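Every number here is computed from the coordinates shown, using simple stated rules; none is lab data. The shown structure was predicted, so the numbers you read here are calculated from the model rather than taken from an experiment. Note that each Cβ is placed from the backbone with ideal geometry, even for glycine, and that neighbours are counted across all protein chains shown.
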Amino acid sequence: MDQKKADEIRQNVRHSYSQVAEASNQGDACGEGASCCGITDDAAINALVSTRLGYSESDLETAPEGADMGLGCGNPRAIASIKQGETILDLGSGGGFDCFLAAAETGESGHVIGIDMTPVMISKARNNAAKGKYNHVEFRLGEIEYMPVANDTVDVIISNCVINLSPDKKQVFSEAFRVLKSGGRLAISDVVASTELPQEMKQDLALYSGCMAGASLISELQSILEECGFENINITPKDDSKDFIKDWAPGSGVEDYVLSATIEAVKPGGSCGCC
């Protein structure tokens with residue numbers, strides 16, 4: 001992909017998620033209420049979306065009001081095996097929902113960092129952190145292709161339907177490898193392609209911002225992770241996710257090409273912390 005196209009995609013994604021955050025702040029719908037990047041002004045509907053993705057009622061009650069925006073395609077924390085005292089990095093942290101849930105697991109001896117490239121999302125997340133008095137959670141403005149995080153400092157990277165939005169996934173996973181400690185691990189929920197998408201879908205910016213058009217084939221993701229140095233790679237598609245993906249873009253037929261998956265991998269050179 002050329003730089004001009006990549007920049008166009010990045011700017012469109014930033015604009016779309018700025019609208020989502022502003023709509024959430026105002027209690028309005030962003031116009032894509034059922035999609036990965038959509039919310040409504042009804043907290044009950046957002047809760048239904050989140051429980052459909054694998055969150056519990058307890059999760060929804062734990063996080064500060066306004067942190068759960070009904071985003072994502074799964075629950076990465078369910079596969080993260082987070083422990084007390086660990087440092088967690090959330091890529092594309094949005095309103096901070098997964099960060100706050102992770103913070104409850106790390107305890108105050110741990111540290112949780114959220115990265116988002118949308119200033120209004122960062123502001124929203126920081127306000128949520130202040131409301132909930134999460135002193136060991138911080139949010140940094142930045143792009144996941146160039147993470148504002150030091151080398152070898154993170155135990156676990158989580159992400160929920162965000163890496164798929166990047167036009168350069170190899171750069172994202174290369175950065176992930178850089179910031180993880182030896183034995184550090186990936187615990188990601190994202191959308192993958194079960195078969196090659198038609199060109200018209202790949203070029204559709206609305207489908208891209210909706211976490212669908214940028215989906216890579218499982219074999220491509222496997223190769224990228226291996227090239228970046230990861231081992232113990234496990235990419236598990238969820239066939240039942242087609243039901244809610246169909247709601248993201250009704251009538252498009254995109255559910256015939258993509259589905260949600262969990263993506264796990266480990267940076268070699270130490271205990272993975274999962275045993």
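Using the Karplus equation 6.51 cos²θ - 1.76 cosθ + 1.60 (θ = phi - 60°), what ³J(HN,Hα) coupling, rounded to whole Hz, does each residue of segment 170-175 give in order, writing x for Gly and Pro?
Running phi through 6.51 cos²θ - 1.76 cosθ + 1.60 with θ = phi - 60° gives 4, 5, 4, 6, 5, 5 Hz.
Taking the Cβ of residue 183 as the center, what net charge do the other residues with Cβ under 15 Å away carry, scoring Lys and Arg +1 and Asp and Glu -1?
Net charge in that neighbourhood comes out at 0.
For residue 246, give me every one of the lysines with a C-alpha distance below 20 angstrom, ignoring sequence neighbours fewer than eight places off in its own chain.
Of all the lysines, those that pass the test against residue 246 - Cα under 20 Å, at least 8 places apart if same chain - are 202, 238.
Between residue 56 and residue 84, what length comes free when the chain is fully extended (0.36 nm per residue of separation minus the Cα-Cα distance, one decimal in nm)?
Additional length available on full extension: 8.0 nm.
Please compute the net charge surrounding residue 223, taking Lys and Arg as +1 and Asp and Glu as -1 over other residues with Cβ under 12 Å from its Cβ.
Local charge sum for residue 223: -1.
I'd like the Karplus ³J(HN,Hα) series for segment 127-137: coefficients 6.51, -1.76, 1.60, θ = phi - 60°, whole numbers in Hz, and an x wherever there's a Gly or Pro.
Once rounded to whole Hz, the list reads 5, 5, 5, 5, 4, x, 6, 8, 6, 9, 10.
Taking R0 as 25 Å, what FRET efficiency do you get between residue 3 and residue 203 from their Cβ-Cβ distance, rounded to the nearest 0.05?
According to the calculation, E is roughly 0.90.
Give me 124, 4 sorted ascending by neighbouring Cβ count inside 10 Å, so fewest comes first.
The most exposed by this proxy come first: 4, 124.
With a 10 Å radius around each residue's Cβ, average the other Cβ atoms per peptide and rank 171-177, 201-207, highest first.
The densest-packed peptide leads the list: 171-177, 201-207.
Please sort 188-194, 65-71 by packing, taking for each peptide the average over its residues of neighbouring beta carbons within 10 angstrom, highest first.
Highest-to-lowest ranking by the protection proxy: 188-194, 65-71.
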